[in-house]
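Worksheet for the structure shown next.
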Amino acid sequence: MDSSNNLVFDIQLSQKDYSYLIIQHQRKTIIAGFLFYFLVFFLVVLGVNQFQLDIDIVLVGFIGGIVISLIISLVSYFLLIFQSNRTFRSDKLLQSNQTYTISNLGIEIESISGKGLISWNDIFKVVESKLIIAIYIGRNRALILPKEDINTKRIDGINILKEYITNYVPKNKVKLV
């Protein structure tokens, strides 16, 4: 790709964008927790009743397990949202305007703290969801690119970004919709 096709856009993350990434990132953990607590509750109910497979005991274990797991999962979900909102509000750099330039060299980011270039080789993985494209530069660290912001200066911004990603990031690291 030639430099005339560089993609430049500005992003100022919202609290909603940040929370959305955190929930997407932790989704599997919440689901695994739900299944774990369900199984533990179900087995405890069966164990207390010497593993008798009486229909009443099984129903209590099954329904109780679902209810307890759902409550714990919802509490975990809301605590995650609460914590992500606190983190976002306390991080002024996260809230500041950032200018992204996507080129064949990588992703250049300019913010109030300075300017940096992330080489395509340094990208851990790329994940696209309904609202964002998350470019992970580590297991728990990502650039959050809201799709609506990518297309502000160019109508085809998302397509150009996806083209760069598919050309420069190994396919096993990319999950685009």
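The values are calculated or read from the model by the stated rules, or taken from the named source; none is laboratory data. None of these values were measured; they are calculated from a predicted model. Positions of Cβ are generated from backbone atoms using ideal geometry, with glycine treated the same way; all protein chains shown enter the neighbour counts.
Being crowded, with 17+ Cβ neighbours inside 10 Å and at pLDDT 90 or above is the requirement here; does residue 83 meet it?
Numbers: crowded, with 17+ Cβ neighbours inside 10 Å: no; at pLDDT 90 or above: yes.
Judged against the criteria, residue 83 is not a match.
Residue by residue through segment 149-164, note down the ones that are in contact with a Leu (Cβ under 8 Å, 6 or more places away or on another chain) and over 20 Å from residue 118 (Cα atoms).
Within segment 149-164, the subset in contact with a Leu (Cβ under 8 Å, 6 or more places away or on another chain) is 150, 154, 157, 160-162, 164.
The answer is 154, and nothing else.
Could you tell me which of the residues 158, 132, 144, 150 is more than 17 Å from residue 105 (Cα to Cα), touching a residue at least 24 places away in the same chain (Cβ under 8 Å), in contact with a Phe, Trp or Tyr (Cβ under 6 Å, 6 or more places away or on another chain) and of a type outside the set (S, T, N, Q)?
Values: 158 fails: in contact with a Phe, Trp or Tyr (Cβ under 6 Å, 6 or more places away or on another chain); 132 fails: in contact with a Phe, Trp or Tyr (Cβ under 6 Å, 6 or more places away or on another chain); 144 fails: in contact with a Phe, Trp or Tyr (Cβ under 6 Å, 6 or more places away or on another chain).
The unique qualifying residue is 150.
When you check residue 63 against the structure, is it hydrophobic (A, V, I, L, M, F, W, C) and at pLDDT 95 or above, yes or no? Lay out the reasoning, then the answer.
Working: hydrophobic (A, V, I, L, M, F, W, C): yes; at pLDDT 95 or above: yes.
Yes, satisfied.
Let me confirm something: among 144, 135, which residue is more than 30 Å from residue 36 (Cβ to Cβ) and not assigned by TED's automatic domain parsing to the domain that holds residue 31?
On the way: 144 fails: more than 30 Å from residue 36 (Cβ to Cβ).
On inspection, the qualifying residue turns out to be 135.
Can you report the number of residues in segment 115-132 which are closer than 13 Å to residue 173 by Cα and either touching a helix residue (DSSP H, G or I) at 6+ places or on another chain (Cβ under 6 Å) or part of a strand (DSSP E or B) (or both)? Explain how you work it out, then say what you get.
First, the residues of segment 115-132 that are closer than 13 Å to residue 173 by Cα: 120-128.
Still in the list and also either touching a helix residue (DSSP H, G or I) at 6+ places or on another chain (Cβ under 6 Å) or part of a strand (DSSP E or B) (or both): 120, 125-128.
The number of residues fulfilling the criteria is 5.
Mind checking which residues of segment 10-59 are part of a loop (DSSP other than H, G, I, E, B) and within 23 Å of residue 139 (Cβ to Cβ)? Write out each step before concluding.
Filtering segment 10-59 for residues part of a loop (DSSP other than H, G, I, E, B) gives 12-14, 49-54.
Once the filter is applied, which keeps residues that are part of a loop (DSSP other than H, G, I, E, B) and within 23 Å of residue 139 (Cβ to Cβ), segment 10-59 yields only 13.
Residue 76 versus (1) farther than 24 Å from residue 43 by Cβ; (2) surrounded by 12 or more Cβ atoms within 10 Å (Cβ to Cβ); (3) among the polar types (S, T, N, Q): which is the lone unmet condition?
(1)
Which ones in segment 133-177 are farther than 20 Å from residue 8 by Cβ, over 15 Å from the mean Cα position of the chain (by Cα) and part of a helix (DSSP H, G or I)?
The answer is 171, 172.
Going through segment 73-98 one residue at a time, which ones are of a type in the set (Gly, Ala, Ser) and without any contact (Cβ under 8 Å) to a residue 40 or more places away in the chain? Can you show your working first?
Initial filter on segment 73-98 (of a type in the set (Gly, Ala, Ser)): 73, 76, 84, 90, 96.
Correct list: 90 only.
Can you pull out every residue in segment 96-106 that is surrounded by 16 or more Cβ atoms within 10 Å (Cβ to Cβ) and either touching a helix residue (DSSP H, G or I) at 6+ places or on another chain (Cβ under 8 Å) or not in a strand (DSSP E or B) (or both)? Talk me through it step by step, then tell me what you get.
To start, the set of residues in segment 96-106 that are surrounded by 16 or more Cβ atoms within 10 Å (Cβ to Cβ) comprises 98, 100-103, 106.
Within segment 96-106, 102, 103, 106 meet the criteria.
Given (1) surrounded by fewer than 18 Cβ atoms within 10 Å (Cβ to Cβ); (2) modelled with pLDDT of 95 or more, where does residue 111 come up short, assuming only one miss?
(2)
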